[in-house]
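**Q** The structure under discussion is supplied below as structure tokens; questions concerning it will follow.
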Amino acid sequence: MQIQKHKAKKSLGQNFLKSNLALKKIVEAGEISPDDTILEIGPGKGALTEKLLEKSDHVIAIEKDNALFNFLNEKFEKEIKEKKLILLNEDILKFSITNYELRIKDYKIIANIPYNITGAILKKFLANKNQPERMILMVQNEVAKRIMGKDGESILSISVKAYGNPKIIMKVPARYFSPAPKVDSAVIAIKNISKKNFTLLETPSSFGHSPLAGGEKFEEKFWEIVRAGFAHKRKKLSSNLKNYLGNACVLELGNKRAEELSLEDWLELVKNAEN
């Protein structure tokens with residue numbers, strides 16, 4: 001198998017995990033049962049895939065790199081024939097969840113993801129109608145710390161916490177990868193993924209009509225307000241959100257800056273915002 005000489009492609013964010021300890025921690029965080037469906041993004045040379053197949057009989061692995069895809073087809077020929085593994089040569093950002101009957105709460109994402117598309121992957125699956133039950137991801141250590149930071153420190157932190165409960169499982173030094181990246185990494189778990197923060201806002205409000213199914217209107221308004229609030233971080237929200245502020249409660253929050261607000265504050269803004 002010539003793939004052992006495969007040169008990692010920077011354009012695809014390839015860094016292959018070689019630490020058995022890190023692999024063990026990732027799998028443990030997944031709390032995998034044989035009936036669980038696991039979606040793996042960027043399996044690379046299949047180190048994590050092997051561990052996942054030891055726990056689950058339903059693994060879907062998506063590999064964009066053609067050479068690695070061919071290698072994985074050969075390496076896991078038996079598991080593919082037994083239908084324990086579905087191997088796809090696709091771009092994860094173009095992958096259709098519904099094509100493989102990945103229903104809401106019906107699957108887990110466990111992956112050492114390409115770091116250059118971390119934000120896009122989080123957005124695609126956390127905001128999707130068919131959300132996973134949990135996500136166990138290897139990300140850059142700095143990104144993990146931003147996610148775990150104070151709510152208002154970044155849109156990234158709010159983006160994750162609006163949908164689930166993040167936790168850092170372990171820090172992973174750069175030397176645990178081949179080739180070694182320039183920065184350390186971390187395994188992060190996002191559990192209890194749901195859209196309850198938006199469905200809980202389904203009460204008669206200043207939108208002027210009955211509650212909306214699934215809280216979709218509130219979810220859309222939430223991101224509209226958050227983006228506007230962070231547009232000019234040094235300005236007070238009363239300036240950034242002048243098109244949304246409507247009552248005394250919201251005006252009180254408007255005297256603060258975006259980084260001072262908690263997730264609950266942002267949800268309060270959404271609940272009381274003018275249409």
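**Q** Which condition does Arg175 not pass, out of (1) surrounded by fewer than 18 Cβ atoms within 10 Å (Cβ to Cβ); (2) in contact with a Leu (Cβ under 8 Å, 6 or more places away or on another chain), if it passes all the others?
**A** Of the numbered conditions (1) surrounded by fewer than 18 Cβ atoms within 10 Å (Cβ to Cβ); (2) in contact with a Leu (Cβ under 8 Å, 6 or more places away or on another chain), the odd one out for Arg175 is (2).
**Q** Shifting gears a bit: Name every residue in the range 101-151 that is in contact with a Lys or Arg (Cβ under 8 Å, 6 or more places away or on another chain) and of a type outside the set (A, V, I, L, M), in order of residue number.
**A** Within the range 101-151, Lys108, Asn130, Gln131, Pro132, Glu133, Arg134, Asn141, Asp151 meet the criteria.
**Q** Can you tell me which residue within the range 150-164, out of those that are closer than 17 Å to Lys191 by Cα and part of a loop (DSSP other than H, G, I, E, B), is farthest from the chain's Cα centre (by Cα)?
**A** Among them, the one singled out is Ala162.
**Q** Step by step: first the residues of the range 104-153, then only those that are small (Gly, Ala, Ser) and surrounded by fewer than 18 Cβ atoms within 10 Å (Cβ to Cβ), then the one that is modelled with the lowest pLDDT. Which residue is that?
**A** Gly149
**Q** Moving on to the next point. Out of all the residues in the range 36-52, which are within 18 Å of the chain's Cα centre (by Cα) and among the acidic types (Asp, Glu)?
**A** Across the range 36-52, the qualifying residue is only Glu40.
**Q** Restricting the first residue to the range 126-155 and requiring it to be under 30 Å from His232 (Cα atoms) and assigned by TED's automatic domain parsing to the domain that holds Leu39, which pairs with a second residue that is of a type outside the set (Ser, Thr, Tyr) and part of a loop (DSSP other than H, G, I, E, B) meet a Cβ separation below 6 Å and a spacing of at least six or different chains?
**A** Going by the 6 Å Cβ cut-off, the qualifying pairs are Gln140/Val183; Asn141/Asp184; Gly152/Leu261; Ile155/Phe230.
**Q** Say whether the condition of being surrounded by fewer than 16 Cβ atoms within 10 Å (Cβ to Cβ), of a type in the set (D, E, K, R) and either in contact with a strand residue (DSSP E or B) (Cβ under 8 Å, 6 or more places away or on another chain) or on the phi > 0 side of the Ramachandran plot (or both) is met by at least one residue in the range 41-59.
**A** no
**Q** OK, next. In contact (Cβ under 8 Å) with a residue 40 or more places away in the chain and among the charged types (D, E, K, R), is that true of Lys123?
**A** no
The values are calculated or read from the model by the stated rules, or taken from the named source; none is laboratory data. Since we're looking at a predicted model, the values are computed, not measured. Every residue, glycine among them, receives a Cβ derived from its backbone with ideal geometry; neighbour counts consider all protein chains shown.
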